[in-house]
């Protein structure tokens, strides 16, 4: 939250709501940048290309996100779909970086 962005519970105008949504979107993108930095780190650390795709880890990540969504009373089916897409995109991103580091 910035100094000028109000918590949702204090918004009384659509301009305040939109400012909050825009600020939240900026924060989400910044968090995604952090997440993808970890994918680049994983591509550097994993010893083999086959290690990039880890289905048990993928399932655990999605399940954890769904559980967290439920804790926040968010639509779990939406979070599950979003995380499925994000994790698959992360795997592809990590593979590209893994290949690039090894001249593949």
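The values are calculated or read from the model by the stated rules, or taken from the named source; none is laboratory data. Note that the structure is predicted; figures quoted are calculated from it, not measured. Here the Cβ is made from the backbone with ideal geometry for all residues, glycine too, and neighbour counts use every protein chain on show.
Quick check: anything in region 36-44 within 30 Å of residue 4 (Cα to Cα) and at pLDDT 95 or above?
Yes, there is a match, as at least one residue in region 36-44 is within 30 Å of residue 4 (Cα to Cα) and at pLDDT 95 or above.
On the given criteria, is residue 89 within 14 Å of the chain's Cα centre (by Cα) and without any contact (Cβ under 8 Å) to a residue 24 or more places away in the chain?
So residue 89 passes the test.
Which numbered condition trips up residue 40, out of (1) loosely packed, with under 11 Cβ neighbours inside 10 Å; (2) in contact with a helix residue (DSSP H, G or I) (Cβ under 6 Å, 6 or more places away or on another chain)?
(1)
Is one or more of the residues making up region 46-56 farther than 23 Å from residue 80 by Cβ, under 22 Å from the mean Cα position of the chain (by Cα), outside any helix (DSSP H, G or I) and touching a residue at least 24 places away in the same chain (Cβ under 8 Å)?
yes
Right, residue 32: out of contact with any helix residue (DSSP H, G or I) (no Cβ under 6 Å at 6 or more places or on another chain), closer than 29 Å to residue 5 by Cα and not in a helix (DSSP H, G or I) or not?
Considered against the rule, which asks whether it is out of contact with any helix residue (DSSP H, G or I) (no Cβ under 6 Å at 6 or more places or on another chain), closer than 29 Å to residue 5 by Cα and not in a helix (DSSP H, G or I), residue 32 comes out as no.
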